[in-house]
1. For Trp71, tell me the accessible area in Å² from a 1.4 Å probe, rounded to the nearest 10.
2. Residues with beta-carbon under 14 Å from that of Val144, excluding Val144: net charge, scoring Lys, Arg +1 and Asp, Glu -1?
3. In what order, largest first, do Ile284, Ile175 sit by accessible area if the probe radius is 1.4 Å?
4. Just read off the accessible area of Arg126 with the full protein assembly in place, 1.4 Å probe, to the nearest 10 Å².
5. Just order 295-304, 146-155 by mean Cβ neighbour count inside 10 Å, highest at the front, would you?
6. Taking K and R as +1 and D and E as -1, what net charge do the other residues with C-beta under 12 Å from the C-beta of Arg260 add up to?
7. Working with all protein chains in place, sort Arg232, Arg310 by solvent-accessible area computed with a 1.4 Å probe, largest first.
8. How much accessible surface area, in Å² rounded to 10, belongs to the heavy atoms of Ser265 with a 1.4 Å probe?
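The values are calculated or read from the model by the stated rules, or taken from the named source; none is laboratory data. The structure presented is a predicted model; accordingly, all values stated were derived computationally and were not measured. Glycine gets a Cβ as well: all are built from the backbone with ideal geometry, and neighbour counts include every protein chain shown. Only protein heavy atoms, including side chains, enter the accessible area calculation; ligands, DNA and RNA are left aside. Shrake-Rupley method; radii C 1.70, N 1.55, O 1.52, S 1.80 Å.
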Amino acid sequence: MRNRPIILAALLVSACLSPAATPSSSPTSSPSPSASPSPSESPSPTPTAATADLVFTNAVLGYRIDTPAPWRRSACLSTQDPTPLAAGDGFVRVPEQDERGTDTGYPFDVVQVHVERNPDRLTPERWLATGVIGSTQGQTTEAVTLDGHSAVLVRPAPGLVLAYLIPVADRMFVIGYQNTFNDTSNVAAMDRMVRSFHLLTDQERAAAPSPVPVAARSAEAVADALADGFARMDADLLATVMAPCMAAAMEQAGGTFMPRGAFVSQLRDTFAAGLRVTVERRPIGSDQTGMFVRATWSAAVQQQRDLYLRRDGDVWSWYLTLTRQPVR
(Lines give C-alpha, C1' and ligand atoms only; values in the text may rest on other atoms or scores of the structure.)
Protein backbone atom coordinates (compact mmCIF):
# COMPACT_ATOMS: atom_id res chain seq x y z
CA MET A 1 0.00 0.00 0.00
CA ARG A 2 1.32 3.43 -0.92
CA ASN A 3 0.86 6.27 1.56
CA ARG A 4 0.93 9.28 -0.75
CA PRO A 5 -0.29 12.08 1.57
CA ILE A 6 2.35 11.29 4.17
CA ILE A 7 5.05 11.46 1.49
CA LEU A 8 4.79 15.22 1.91
CA ALA A 9 5.74 14.79 5.54
CA ALA A 10 8.50 12.27 5.17
CA LEU A 11 10.18 12.99 1.86
CA LEU A 12 13.36 14.85 2.67
CA VAL A 13 14.18 16.04 -0.82
CA SER A 14 11.13 17.76 -2.26
CA ALA A 15 9.83 19.08 1.03
CA CYS A 16 13.12 20.67 1.90
CA LEU A 17 13.12 22.74 -1.26
CA SER A 18 9.76 24.43 -0.93
CA PRO A 19 9.81 28.23 -0.91
CA ALA A 20 8.74 30.15 2.17
CA ALA A 21 5.39 31.89 2.20
CA THR A 22 5.22 35.65 1.66
CA PRO A 23 2.75 37.60 3.86
CA SER A 24 0.03 39.54 2.02
CA SER A 25 -3.62 40.44 2.29
CA SER A 26 -6.31 37.84 1.61
CA PRO A 27 -8.29 38.35 -1.63
CA THR A 28 -12.06 38.75 -1.62
CA SER A 29 -14.41 36.08 -2.87
CA SER A 30 -15.72 35.87 -6.46
CA PRO A 31 -18.21 33.48 -8.01
CA SER A 32 -16.43 30.97 -10.27
CA PRO A 33 -13.60 28.58 -9.35
CA SER A 34 -10.40 28.56 -11.37
CA ALA A 35 -8.69 25.47 -12.73
CA SER A 36 -5.28 24.62 -11.34
CA PRO A 37 -2.27 24.84 -13.67
CA SER A 38 -1.93 21.82 -15.92
CA PRO A 39 1.14 19.58 -15.46
CA SER A 40 2.67 21.08 -18.60
CA GLU A 41 2.82 24.52 -17.01
CA SER A 42 5.75 25.55 -14.85
CA PRO A 43 4.51 28.38 -12.59
CA SER A 44 6.90 30.05 -10.18
CA PRO A 45 5.48 28.86 -6.84
CA THR A 46 5.02 31.74 -4.41
CA PRO A 47 2.18 31.02 -1.96
CA THR A 48 0.91 33.96 0.10
CA ALA A 49 -0.30 34.01 3.69
CA ALA A 50 -2.79 36.53 5.04
CA THR A 51 -1.56 36.62 8.63
CA ALA A 52 -3.90 39.50 9.62
CA ASP A 53 -6.98 37.40 8.81
CA LEU A 54 -5.37 34.10 9.84
CA VAL A 55 -5.96 32.78 6.35
CA PHE A 56 -3.36 31.09 4.16
CA THR A 57 -3.65 31.64 0.41
CA ASN A 58 -1.72 29.63 -2.17
CA ALA A 59 -2.30 31.38 -5.49
CA VAL A 60 -0.09 28.89 -7.35
CA LEU A 61 -2.21 25.88 -6.44
CA GLY A 62 -5.35 28.01 -6.30
CA TYR A 63 -6.85 27.70 -2.82
CA ARG A 64 -7.08 29.28 0.60
CA ILE A 65 -7.68 27.84 4.06
CA ASP A 66 -8.19 29.20 7.57
CA THR A 67 -5.10 28.98 9.79
CA PRO A 68 -6.11 30.13 13.29
CA ALA A 69 -3.24 30.71 15.69
CA PRO A 70 -1.05 28.85 16.49
CA TRP A 71 -1.46 26.92 13.21
CA ARG A 72 1.09 27.76 10.52
CA ARG A 73 2.35 26.46 7.22
CA SER A 74 5.28 24.08 7.69
CA ALA A 75 8.11 24.52 5.20
CA CYS A 76 9.05 20.90 5.85
CA LEU A 77 5.62 19.56 4.87
CA SER A 78 5.02 21.81 1.90
CA THR A 79 6.04 21.89 -1.73
CA GLN A 80 4.75 23.43 -4.94
CA ASP A 81 6.85 21.41 -7.39
CA PRO A 82 4.32 19.63 -9.65
CA THR A 83 6.77 16.82 -10.46
CA PRO A 84 7.31 14.05 -9.64
CA LEU A 85 5.14 13.93 -6.51
CA ALA A 86 2.01 15.67 -5.31
CA ALA A 87 2.30 19.39 -4.67
CA GLY A 88 0.79 20.87 -1.54
CA ASP A 89 1.02 22.38 1.92
CA GLY A 90 1.03 21.01 5.45
CA PHE A 91 -0.16 23.02 8.45
CA VAL A 92 0.91 22.35 12.04
CA ARG A 93 0.54 23.73 15.59
CA VAL A 94 4.00 22.84 16.82
CA PRO A 95 6.40 25.83 17.12
CA GLU A 96 9.02 25.94 14.39
CA GLN A 97 11.87 25.50 16.87
CA ASP A 98 10.33 22.23 18.09
CA GLU A 99 9.34 20.75 14.73
CA ARG A 100 11.15 17.54 13.81
CA GLY A 101 10.39 14.63 11.53
CA THR A 102 12.01 11.46 10.28
CA ASP A 103 11.89 9.29 7.18
CA THR A 104 9.56 6.93 9.08
CA GLY A 105 7.02 9.41 10.42
CA TYR A 106 5.92 12.78 11.72
CA PRO A 107 4.82 13.03 15.38
CA PHE A 108 2.52 16.08 15.22
CA ASP A 109 -1.04 16.91 14.18
CA VAL A 110 -1.18 17.91 10.51
CA VAL A 111 -3.75 19.46 8.18
CA GLN A 112 -2.82 18.77 4.56
CA VAL A 113 -3.87 20.23 1.25
CA HIS A 114 -2.25 18.67 -1.78
CA VAL A 115 -2.88 18.26 -5.47
CA GLU A 116 -2.47 15.11 -7.53
CA ARG A 117 -2.58 14.67 -11.28
CA ASN A 118 -5.85 13.59 -12.85
CA PRO A 119 -4.99 13.68 -16.57
CA ASP A 120 -8.03 11.65 -17.59
CA ARG A 121 -10.31 13.95 -15.56
CA LEU A 122 -11.83 11.05 -13.69
CA THR A 123 -14.52 11.42 -11.06
CA PRO A 124 -13.22 11.23 -7.48
CA GLU A 125 -14.61 7.69 -7.12
CA ARG A 126 -12.93 6.41 -10.28
CA TRP A 127 -9.71 8.29 -9.53
CA LEU A 128 -9.56 6.79 -6.03
CA ALA A 129 -10.13 3.32 -7.50
CA THR A 130 -6.96 3.67 -9.61
CA GLY A 131 -4.92 3.42 -6.40
CA VAL A 132 -3.04 6.69 -6.87
CA ILE A 133 -3.07 7.37 -3.13
CA GLY A 134 -3.56 3.77 -2.04
CA SER A 135 -6.31 2.45 0.19
CA THR A 136 -6.87 1.43 3.80
CA GLN A 137 -8.78 -1.35 5.50
CA GLY A 138 -12.38 -0.41 6.25
CA GLN A 139 -12.23 2.63 3.98
CA THR A 140 -15.59 4.23 3.14
CA THR A 141 -16.61 6.93 0.67
CA GLU A 142 -19.47 9.41 0.77
CA ALA A 143 -20.67 11.96 -1.78
CA VAL A 144 -20.58 15.41 -0.13
CA THR A 145 -19.97 19.06 -0.96
CA LEU A 146 -17.04 21.21 0.16
CA ASP A 147 -16.84 24.91 -0.60
CA GLY A 148 -19.94 24.42 -2.73
CA HIS A 149 -18.24 21.87 -4.97
CA SER A 150 -19.10 18.20 -5.42
CA ALA A 151 -16.60 16.09 -3.50
CA VAL A 152 -16.05 12.63 -2.08
CA LEU A 153 -15.27 12.18 1.61
CA VAL A 154 -12.91 9.25 2.27
CA ARG A 155 -12.63 7.78 5.79
CA PRO A 156 -10.01 6.80 6.62
CA ALA A 157 -7.69 7.86 3.82
CA PRO A 158 -4.10 6.63 3.50
CA GLY A 159 -2.13 8.51 6.13
CA LEU A 160 -5.14 10.65 7.07
CA VAL A 161 -8.15 10.31 9.36
CA LEU A 162 -10.27 11.64 6.52
CA ALA A 163 -9.81 13.34 3.17
CA TYR A 164 -12.03 15.26 0.79
CA LEU A 165 -11.41 14.73 -2.93
CA ILE A 166 -12.34 17.61 -5.25
CA PRO A 167 -11.67 17.36 -9.01
CA VAL A 168 -10.57 20.56 -10.77
CA ALA A 169 -9.76 20.18 -14.48
CA ASP A 170 -6.81 17.74 -14.71
CA ARG A 171 -5.98 17.87 -11.01
CA MET A 172 -7.45 16.31 -7.88
CA PHE A 173 -7.37 18.24 -4.61
CA VAL A 174 -6.95 16.12 -1.47
CA ILE A 175 -7.80 17.96 1.76
CA GLY A 176 -7.61 16.21 5.12
CA TYR A 177 -5.96 15.85 8.49
CA GLN A 178 -4.10 13.39 10.70
CA ASN A 179 -3.96 13.55 14.49
CA THR A 180 -1.12 12.19 16.55
CA PHE A 181 -1.49 8.71 18.04
CA ASN A 182 -4.01 8.51 20.87
CA ASP A 183 -4.58 12.30 20.98
CA THR A 184 -7.80 13.77 19.60
CA SER A 185 -7.61 17.14 21.39
CA ASN A 186 -7.14 19.08 18.13
CA VAL A 187 -9.54 17.10 15.92
CA ALA A 188 -12.34 19.68 16.10
CA ALA A 189 -9.97 22.50 15.15
CA MET A 190 -8.51 20.49 12.27
CA ASP A 191 -11.97 19.58 11.02
CA ARG A 192 -12.94 23.28 10.96
CA MET A 193 -9.77 24.11 9.03
CA VAL A 194 -10.46 21.41 6.46
CA ARG A 195 -14.04 22.58 6.00
CA SER A 196 -12.82 26.18 5.51
CA PHE A 197 -11.05 25.12 2.29
CA HIS A 198 -11.86 27.41 -0.64
CA LEU A 199 -10.95 27.10 -4.31
CA LEU A 200 -9.82 30.46 -5.64
CA THR A 201 -11.75 31.98 -8.50
CA ASP A 202 -10.06 33.39 -11.60
CA GLN A 203 -10.53 36.87 -10.17
CA GLU A 204 -8.99 35.93 -6.83
CA ARG A 205 -5.96 34.36 -8.49
CA ALA A 206 -5.52 37.43 -10.69
CA ALA A 207 -5.66 39.67 -7.60
CA ALA A 208 -2.91 37.73 -5.79
CA PRO A 209 0.45 39.51 -5.40
CA SER A 210 3.03 38.83 -8.09
CA PRO A 211 5.86 36.45 -7.18
CA VAL A 212 8.84 38.13 -5.54
CA PRO A 213 11.85 37.73 -7.87
CA VAL A 214 14.63 35.60 -6.42
CA ALA A 215 18.22 36.26 -7.47
CA ALA A 216 19.93 33.38 -9.24
CA ARG A 217 22.57 31.53 -7.20
CA SER A 218 25.05 29.00 -8.55
CA ALA A 219 26.24 25.80 -6.92
CA GLU A 220 29.72 27.32 -6.75
CA ALA A 221 28.39 30.34 -4.85
CA VAL A 222 26.74 28.02 -2.32
CA ALA A 223 29.94 25.99 -1.94
CA ASP A 224 31.93 29.17 -1.29
CA ALA A 225 29.40 30.41 1.27
CA LEU A 226 29.51 27.05 3.06
CA ALA A 227 33.31 27.07 3.19
CA ASP A 228 33.40 30.66 4.47
CA GLY A 229 30.49 30.24 6.89
CA PHE A 230 31.89 27.13 8.54
CA ALA A 231 35.40 28.62 8.69
CA ARG A 232 33.98 31.63 10.54
CA MET A 233 31.49 29.51 12.55
CA ASP A 234 28.85 31.92 11.31
CA ALA A 235 25.46 30.22 11.44
CA ASP A 236 23.71 33.31 10.06
CA LEU A 237 25.88 33.30 6.93
CA LEU A 238 25.22 29.59 6.45
CA ALA A 239 21.47 30.24 6.80
CA THR A 240 21.56 32.43 3.68
CA VAL A 241 22.24 29.37 1.50
CA MET A 242 20.06 26.85 3.34
CA ALA A 243 16.81 25.44 1.99
CA PRO A 244 13.68 26.26 4.05
CA CYS A 245 13.80 22.71 5.42
CA MET A 246 17.06 21.01 6.33
CA ALA A 247 17.64 17.26 6.30
CA ALA A 248 20.31 15.12 7.91
CA ALA A 249 20.93 11.43 7.30
CA MET A 250 23.47 8.67 7.69
CA GLU A 251 24.70 6.71 4.72
CA GLN A 252 22.61 3.54 4.32
CA ALA A 253 20.47 4.58 7.29
CA GLY A 254 17.54 6.81 8.23
CA GLY A 255 17.21 10.56 8.23
CA THR A 256 15.61 13.50 10.01
CA PHE A 257 14.41 16.92 8.96
CA MET A 258 13.64 20.24 10.64
CA PRO A 259 12.89 23.83 9.61
CA ARG A 260 15.80 26.07 8.71
CA GLY A 261 15.38 28.23 11.82
CA ALA A 262 15.61 25.23 14.12
CA PHE A 263 18.62 23.90 12.23
CA VAL A 264 20.41 27.26 12.52
CA SER A 265 19.80 27.34 16.29
CA GLN A 266 21.12 23.79 16.62
CA LEU A 267 24.18 24.64 14.54
CA ARG A 268 24.88 27.74 16.64
CA ASP A 269 24.78 25.60 19.81
CA THR A 270 27.14 22.99 18.37
CA PHE A 271 29.61 25.71 17.36
CA ALA A 272 29.55 26.95 20.96
CA ALA A 273 30.14 23.39 22.16
CA GLY A 274 33.31 23.07 20.08
CA LEU A 275 32.24 21.85 16.63
CA ARG A 276 34.66 22.68 13.84
CA VAL A 277 33.92 22.01 10.18
CA THR A 278 36.27 22.20 7.22
CA VAL A 279 34.64 22.38 3.78
CA GLU A 280 36.40 21.54 0.52
CA ARG A 281 34.83 24.10 -1.77
CA ARG A 282 36.15 22.42 -4.93
CA PRO A 283 35.59 20.13 -6.66
CA ILE A 284 31.83 19.84 -6.39
CA GLY A 285 31.15 16.11 -6.50
CA SER A 286 28.10 14.20 -7.65
CA ASP A 287 26.57 10.78 -7.09
CA GLN A 288 23.15 9.15 -7.28
CA THR A 289 21.88 11.44 -4.51
CA GLY A 290 22.99 14.65 -6.21
CA MET A 291 25.74 17.27 -6.09
CA PHE A 292 27.75 17.80 -2.92
CA VAL A 293 30.84 19.32 -1.35
CA ARG A 294 32.97 17.33 1.05
CA ALA A 295 33.23 18.42 4.67
CA THR A 296 35.04 17.15 7.75
CA TRP A 297 33.18 17.63 11.02
CA SER A 298 35.34 17.56 14.16
CA ALA A 299 33.83 17.43 17.66
CA ALA A 300 34.13 14.46 20.03
CA VAL A 301 34.92 12.40 16.94
CA GLN A 302 35.85 13.28 13.38
CA GLN A 303 33.40 12.43 10.62
CA GLN A 304 33.00 13.02 6.92
CA ARG A 305 29.64 14.71 6.42
CA ASP A 306 29.02 15.79 2.86
CA LEU A 307 26.82 18.80 2.16
CA TYR A 308 24.31 18.19 -0.65
CA LEU A 309 23.05 20.93 -2.92
CA ARG A 310 19.84 21.11 -4.90
CA ARG A 311 18.58 23.44 -7.58
CA ASP A 312 15.17 25.12 -7.45
CA GLY A 313 14.84 27.07 -10.69
CA ASP A 314 17.97 29.21 -10.91
CA VAL A 315 18.67 29.04 -7.18
CA TRP A 316 20.95 26.44 -5.60
CA SER A 317 20.73 25.69 -1.87
CA TRP A 318 22.24 23.41 0.75
CA TYR A 319 19.52 21.02 1.88
CA LEU A 320 21.08 17.78 3.18
CA THR A 321 23.97 16.73 5.40
CA LEU A 322 24.94 13.10 4.80
CA THR A 323 27.20 11.37 7.30
CA ARG A 324 29.42 8.86 5.55
CA GLN A 325 30.14 5.43 6.96
CA PRO A 326 33.72 5.20 8.26
CA VAL A 327 36.15 3.48 5.91
CA ARG A 328 37.13 0.06 7.27
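1. Per-residue accessible area (Trp71): approximately 20 Å².
2. Net charge in that neighbourhood comes out at -2.
3. Values: Ile284 40, Ile175 0 Å².
Highest to lowest solvent-accessible surface, that is Ile284, Ile175.
4. It works out to around 150 Å².
5. 146-155, 295-304
6. On the way: positive: none; negative: Glu96, Glu99, Asp236.
That sum, taken over residues with Cβ under 12 Å, equals -3.
7. These residues rank, largest area first, as Arg232, Arg310.
8. 40
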